[in-house]
Number of protein chains: 2
Amino acid sequence: MSMHSLIDRIVAELLAQGRAAAAGQSPLTAADTDPALVPVGVSNRHVHLSRPDMDALFGPGSVLTRMKAMKQPGQYAATETVTLRGPKGEIGKVRVLGPLRKETQIEVSVADGFALGIKPPMRMSGKLDGSAGLTVVGPAGSVTKDAGVIVALRHIHMRPEDAVRLGVKNGDSVDVVVSGPRGGVMHNVAIRSDEVSATEMHIDVEEANAFGLTNDALVRVRKV
Amino acid sequence: MSMHSLIDRIVAELLAQGRAAAAGQSPLTAADTDPALVPVGVSNRHVHLSRPDMDALFGPGSVLTRMKAMKQPGQYAATETVTLRGPKGEIGKVRVLGPLRKETQIEVSVADGFALGIKPPMRMSGKLDGSAGLTVVGPAGSVTKDAGVIVALRHIHMRPEDAVRLGVKNGDSVDVVVSGPRGGVMHNVAIRSDEVSATEMHIDVEEANAFGLTNDALVRVRKV
């Protein structure tokens, strides 16, 4: 999302809140008018593949086919999908995200873990030591991973300018405040800020549904 | 849960927190030692049936078969299950809870609504005006409901003695504080306190997974 479209969205949200307040639905407080609003990106289960696993699943030298750009610069959803096979069940049509990575990483929800019969730990992306394993099935073959499956911990990708504006830095942990009937506060939300980030909070489908959030909803960062 | 087993559980939780604090994992604060801990009950999708719908789905005069008592006095899971059929998909093996009610009520998650192709509103149990519809399929027939499907709003059933102890009353709205890596605060949690309640917070599977909670985990009530 460009800075302009982000600003447009924030203005629209504030106007909507103002209307709601005028209608007596929700008071517009000083806290609601602060600039710490960030949009939400909801992650469904997905897979990042290494070159060797790409070869095994889709054939030697195969390449991912770009289907749709993600908000994080350079990241995209591929047309390719795989099946996840655990001791208790299978989940098909799991999207592969590009580009390829150094290590294969499989991000599922807690409910997916139950359905598969595995217990993936809650981890930040990239922290795969001692994570859960399963079998990944592609059209050209399958690979059995001893590790690589996690339930991703929520985090906020943040452009450096936005981090400065909000007074936070890469690695900080913040609270995120959500309004609505299932509103509340998420603790322990990591800030990930570097040159290639677009400002966006990543949560999984269960977190989104539990808080009544959908893609591009705005939530408020609160320093702790 | 009896008062004695609730006290046992609270003592065990406090001892565990004390050990965690001693190990430097989590500081034991005054707030952690307060008596406002309540156990969680996680609700999977389920159905409450009216007498006419029971007749249509399981045959005239059919009765529910008690499988397992719920914590709320008199409530039980039945061996009977139904299939939910929406415009986009079906969900099978959905548990019927007994006893029969005046009106059929179908409680699903947000994700279930997507899978079925309906958009049930978030409601407190019993508030069915303008709720979503779908077709319920049983072994003896099916019924198509124009309303009755909701995503249940979280709430705390509370014994009157516990409500007095915590200084809350039926109909109050409280915050609930959850610890752990996916910890946070749930706002707008309704207190439901009457003679037949056992003290227990009801949340659905997505809320449980989003907060890292499982059945009988303890959460802390905070007055607002």
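See the values below:
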item	result
Derived scalar couplings ³J(HN,Hα) [the stretch A:135-140; Karplus, 6.51 cos²θ - 1.76 cosθ + 1.60; whole Hz; x for Gly, Pro]	9, 9, 10, x, x, 9
In Hz, Karplus ³J(HN,Hα) per residue of the stretch A:103-111 (6.51, -1.76, 1.60; θ = phi - 60°; x = Gly, Pro)	10, 5, 9, 10, 10, 10, 8, 4, 4
Nearest-0.05 FRET efficiency for A:K93 and A:V196, computed from C-beta distance (R0 22 Å)	0.15
Length gained when the stretch A:T144-A:N44 is fully extended (0.36 nm per residue, less Cα-Cα span)	33.8 nm
Ranked A:I156, B:I150, criterion: other C-beta atoms within 10 Å, fewest first	B:I150, A:I156
Ranked A:I91, B:I191, criterion: other C-beta atoms within 10 Å, fewest first	A:I91, B:I191
Test item: A:197-210 mean partner chain Cβ contacts at 10 Å	4
Above-threshold pairs, the threshold being 27 Å between Cα atoms, out of B:K68/B:K93; A:K68/A:K88; B:K93/B:K145; B:K93/B:K169; B:K93/B:K223	A:K68/A:K88; B:K93/B:K169; B:K93/B:K223
Anchor B:K71: aspartates and glutamates whose Cα lies under 18 Å away (excluding residues fewer than 8 positions away in-chain)	B:D8, B:E107, B:E161, B:D162, B:D194, B:E195, B:E200, B:D204, B:D216
Principal axis dimensions, largest first and in whole angstrom, of the stretch B:43-152 by Cα	30, 30, 23
Derived scalar couplings ³J(HN,Hα) [the stretch B:177-185; Karplus, 6.51 cos²θ - 1.76 cosθ + 1.60; whole Hz; x for Gly, Pro]	9, 10, 9, x, x, 9, x, x, 10
Long-range amide H partners of B:D216 with built H, under 5 Å	B:V40, B:G41, B:V42
C-alpha center-to-center spacing [the stretch A:169-219, the stretch B:186-224] in angstrom	22 Å
Calculated SAXS-style log₁₀ I(q)/I(0) at q = 0.10, 0.20, 0.22, 0.25 Å⁻¹ - the stretch A:136-224, Debye, Cα scatterers	-0.34, -0.93, -1.05, -1.25
Using a 7 Å Cα-to-Cβ projection, A:P87 label spacings across copies, nm, ascending	4.2
Pseudo-label separations to other copies for A:G141 - Cα-to-Cβ vector, 7 Å, nm	5.8
Nearest-0.05 FRET efficiency for B:T135 and B:T79, computed from C-beta distance (R0 30 Å)	0.85
Spacing of the two label points (7 Å from each Cα toward its C-beta) at B:R222 and B:E103, in nm	3.5 nm
Proxy reagent accessibility, fewest Cβ within 10 Å first, across A:S125, A:S179	A:S125, A:S179
Projected-area average for the stretch B:121-175 over all orientations - Cα convex hull basis, square nanometres	5.5 nm²
Sequence-distant residues sharing a close amide H with B:G148 (under 5 Å, placed H)	B:S131, B:A132
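Quick note: the coordinates plus some simple rules give every number you see, no bench work behind them. Given the structure is predicted, the values throughout are model-derived calculations rather than measurements. Because the Cβ atoms are built from the backbone with ideal geometry, glycine has one as well, and the counts that use them run over all protein chains shown.
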